[in-house]
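Below: the structure, in structure tokens.
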Amino acid sequence: MRVDEGRHTLTVTIGPFHVPQSPSMMGDMMMMRRNNDELEGAFTWPATVRFRGVTLEVIDRAGHPLPRRLLHHTYMVNFDRRQLVEPTSECPFSFGEETQDITIPGALGLPMAAGMRLGIVIMWDNLTGHDVDGAYVRYTFLLNPRHRQPAPLVVLPFLVDVNHVSGGTDGFEVPPGGLVVSRQFTVGTSGHLLAASGHLHDHAVMMRLEDAANGRTLATVRTDRDSTGHTLRVQRPIFALWHRGPHLHAGHPYRLVVVYDNPTSDTLINAMGIMGGLYAPDRLRDWPAVDPRNADYVKDKEGFGGVDSLLATLHSPLSPQPISGARTISSP
């Protein structure tokens, strides 16, 4: 882990890894959560600061780039802050093989407190036809300058899984012809959804966020696919370019709808539908706190192999203090 004050970056490098070649169908067979997911490392966030972007690189021992397609997915887990929808650990960022680097304007920032305990999950999917030895994964966080005025608007992750199972797998099957999957949920804190994207597998068409009370569409995220149905990119609509984005109310019912097409004669296995985005809470102090005794929190945490022994090496209090000087959106 290296902090560059001049460039306002924090770099975290994990490795080396020996990455054996995967079976040819492994990419279709993988599930993103649990049973396949292991914490490859854990670290303590070094300073109370906000960040506004993260880039992902797969490199060799000499620092030369390796294909990012070696990764099926990777994400970071914050064990000291919970999600907006689920009472489980926050996921500040995630990358699928189709995900581009993440950067948001300098007027926004995701707050992190010194001492937060973080874990990194990496799932490989090596379809190069040969083993790769000495691979590293490098994440570079773009930090907001400490004394920026006005202070960046506080944003936190928005994450909804259409087939969420705490501590379990969230894949589902898509029969020939296609499938529409939906899930109703509520948010714990009112706020604005500024931007959205997510994780979808091959043959996914789109996903949308609806007001479950009246059926009105609040946000739509589509995919770019090639002629075979392979998902090349999940689009990233930014609602705050024109307005502050849809305002979600705590306790109000919302619905995530995921649409898959399946022109083949076979059932697609382990499809997924996760909407992720940037959420600006009306009041940061209203963000629900971690409850380490919550059954879903415990089950989710224990789904990561070796989590207790890793976290035992990180001496950090649960639920750090909020970031001082944070700027939030006023409720309309």
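The values are calculated or read from the model by the stated rules, or taken from the named source; none is laboratory data. As the structure is a prediction and not an experimental result, all values here were calculated from the model. Every residue, glycine among them, receives a Cβ derived from its backbone with ideal geometry; neighbour counts consider all protein chains shown. When the accessible area is computed, the model is the full protein with side chains, heavy atoms only, and any ligands, DNA or RNA have been set aside. Shrake-Rupley method; radii C 1.70, N 1.55, O 1.52, S 1.80 Å.
Looking at 171, 109, 96, 134, can you tell me which residue is in contact with a strand residue (DSSP E or B) (Cβ under 6 Å, 6 or more places away or on another chain) and under 18 Å from residue 299 (Cα atoms)? Lay out the reasoning, then the answer.
Values: 109 fails: under 18 Å from residue 299 (Cα atoms); 96 fails: under 18 Å from residue 299 (Cα atoms); 134 fails: under 18 Å from residue 299 (Cα atoms).
Of 171, 109, 96, 134, the one residue that is in contact with a strand residue (DSSP E or B) (Cβ under 6 Å, 6 or more places away or on another chain) and under 18 Å from residue 299 (Cα atoms) is 171.
What is the one condition in (1) open to solvent by less than 50 Å² (accessible area, probe 1.4 Å); (2) touching a helix residue (DSSP H, G or I) at 6+ places or on another chain (Cβ under 8 Å); (3) under 22 Å from residue 80 (Cβ atoms); (4) not aliphatic (A, V, I, L, M) that residue 304 does not satisfy?
(2)
Out of 180, 165, 174, report the one residue that is more than 17 Å from the chain's Cα centre (by Cα), open to solvent by 60 Å² or more (accessible area, probe 1.4 Å) and in contact (Cβ under 8 Å) with a residue 60 or more places away in the chain.
Working: 165 fails: more than 17 Å from the chain's Cα centre (by Cα); 174 fails: open to solvent by 60 Å² or more (accessible area, probe 1.4 Å).
Answer to the check: 180.
Are there any strands (runs of 3 or more DSSP E) wholly within region 202-261 with 2 or more residues that are more than 19 Å from the chain's Cα centre (by Cα), and if so which? Can you show your working first?
Working: elements: 204-211, 217-225, 231-234, 254-260.
Hits in region 202-261: 204-211, 217-225, 254-260.
Being free of Cβ contacts under 8 Å to residues at least 12 places away in the same chain and under 18 Å from residue 279 (Cβ atoms) is the filter; apply it to region 218-257 and report the residue that is most open to solvent (accessible area, probe 1.4 Å).
The extreme case among them is 242.
Select, from 195, 151, the only residue that is in contact with a strand residue (DSSP E or B) (Cβ under 6 Å, 6 or more places away or on another chain) and within 19 Å of residue 223 (Cα to Cα). Full working, then the answer.
Details: 151 fails: within 19 Å of residue 223 (Cα to Cα).
Being in contact with a strand residue (DSSP E or B) (Cβ under 6 Å, 6 or more places away or on another chain) and within 19 Å of residue 223 (Cα to Cα) holds for just one of 195, 151, which is 195.
Among the residues of region 53-68, which ones are touching a Pro at 6+ places or on another chain (Cβ under 7 Å), surrounded by 15 or more Cβ atoms within 10 Å (Cβ to Cβ) and among the charged types (D, E, K, R)?
If the condition is that a residue be touching a Pro at 6+ places or on another chain (Cβ under 7 Å), surrounded by 15 or more Cβ atoms within 10 Å (Cβ to Cβ) and among the charged types (D, E, K, R), then 57 is the only one that fits.
Please indicate, with yes or no, whether at least one residue in region 6-18 is farther than 30 Å from residue 110 by Cα, modelled with pLDDT of 85 or more and either under 18 Å from the mean Cα position of the chain (by Cα) or outside any strand (DSSP E or B) (or both).
Kept after step one, since they are farther than 30 Å from residue 110 by Cα, are these residues of region 6-18: 18.
Then drop every residue that is not modelled with pLDDT of 85 or more, which leaves 18.
So of that shortlist, the ones also either under 18 Å from the mean Cα position of the chain (by Cα) or outside any strand (DSSP E or B) (or both) come out as none.
No - not one qualifying residue is present in region 6-18.
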